[in-house]
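Trainee: Below you'll find the structure I mean.
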Amino acid sequence: MLSQEPQLSRFLPCYLRRSLYASIVMIAVLLLIAYSVRWIGTAPFLYWDERIQDVVFPDTTDAHHKLLTVAVFITSFGSFRVSLLVALGIAVWCWVYLRSKAYSFAVISSFTAMWVLNTLIKEVLQRDRPSLQHLVEVGGYSFPSGHAMISMGFYGMIFAIWAIKRKIHERSIFLPCVLGALLILLIGLSRVYLGVHFPTDIAGGYIAGIIWLVFTVPVIYWRARLPRSLPPSTPRP
């Protein structure tokens, strides 16, 4: 039986190449969206931002207290500290329990890429946050939402790995898909509820995360399906 190292050595260049493509496309798409909005005018987008905020953002003190604790708990999963702990824990679990360095690398790289790229894009676009009362302390710019990017690109990768494992063992992927979609949606909604992001910030973060997953998950799936006793043929980028 061949060692996993030659297979990993073929996986890494392919994954890194796809990650680079994803990063370039992600930046290009978000910049295109942002500058298209500036060219068209912000009024149509602010109209829908405000309509959605009217539904999601609480307008009474009592309502604040009813769901504030839940919203803060949900939004914490998208924070840097909590997502870092999740990334390290899942990476170690994949390495030790699943014996997959590829999974571990995918988890860590997704976490790192989402935070680095989000910071870079925010600094370029510099969109101010909503003027609503912020129910939690925040800093930095607004577009795209870092919580939305980390929920889609990072947590999406974790749930994708879970779905891949189930698919390989010919089990239903319904559970990871539903739970993953629910977590991603709730984290995004929590940011609007807390008054710290426009809905379009959330949409931008989701788009960025989806681009990342579209480019990288197929490589993870390819790697997971490889018979360990046979040398792999690297998929085309």
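The values are calculated or read from the model by the stated rules, or taken from the named source; none is laboratory data. This one's a predicted model, so the numbers in the text were calculated from it and none came from an experiment. With ideal geometry, Cβ positions are generated from the backbone for all residues, glycine too; neighbour counts draw on all protein chains shown. Accessible surface is based on the protein model in full, side chains and every heavy atom, while ligands, DNA and RNA are left aside. Shrake-Rupley method; radii C 1.70, N 1.55, O 1.52, S 1.80 Å.
Trainee: Cβ neighbours within 10 Å, averaged per peptide: list 209-217, 17-25 in order, most packed at the top.
Mentor: Numbers: 209-217: 21.4, 17-25: 16.3.
Top of the packing list down: 209-217, 17-25.
Trainee: Same structure again: Excluding residues fewer than 8 places away in the same chain, name every one of the lysines whose C-alpha is closer than 28 Å to that of K167.
Mentor: Straight-line reach from K167, under 28 Å: K101.
Trainee: Please compute the net charge surrounding V92, taking Lys and Arg as +1 and Asp and Glu as -1 over other residues with Cβ under 13 Å from its Cβ. Please report the intermediate quantities before stating the final value.
Mentor: Working: positive: R99, K101; negative: none.
Within the 13 Å Cβ shell, the charges total +2.
Trainee: Shifting gears a bit: So how exposed is T69, as accessible area in Å² (1.4 Å probe, rounded to 10)?
Mentor: Around 110 Å² of this residue is reachable by solvent.
Trainee: Within the set of other residues whose C-beta is less than 14 Å from the C-beta of G140, count the net charge using Lys and Arg as +1 and Asp and Glu as -1. Before the final figure, lay out each step's value.
Mentor: Numbers: positive: K122, R127, R129, R191; negative: E123, D128, E137, D201.
Summing Lys/Arg as +1 and Asp/Glu as -1 gives 0.
Trainee: Rounded to the nearest 0.05, what FRET efficiency do R99 and S79 give with R0 = 25 Å and r taken as the Cβ-Cβ distance? Could you check? Mind dumping the intermediate values first?
Mentor: On the way: r = 30 Å, r/R0 = 1.20.
According to the calculation, E is roughly 0.25.
Trainee: Protein chains only, probe 1.4 Å: how do F143, F77 rank by accessible area, largest first? Before the final figure, lay out the partial values.
Mentor: On the way: F143 20, F77 65 Å².
Result of the area sort, largest leading: F77, F143.
Trainee: Roughly how far apart, in whole Å, are the Cα centres of the stretch 20-36 and the stretch 117-166?
Mentor: 15 Å
Trainee: Ok, one more. Below 8 Å between Cα atoms, with a sequence gap of 6+, how large is the relative contact order for the stretch 77-232 in percent?
Mentor: Details: 192 pairs, mean separation 42.6, N = 156.
Once divided by the residue count of the stretch 77-232, the mean separation gives 27 percent.
Trainee: Could I ask something else about it? Efficiency by 1/(1 + (r/R0)^6): what FRET value for L226 and V116, r their Cβ-Cβ distance, R0 = 25 Å, to the nearest 0.05? Walk me through the intermediate numbers first.
Mentor: Working: r = 29 Å, r/R0 = 1.16.
With a Förster radius of 25 Å, E is 0.30.
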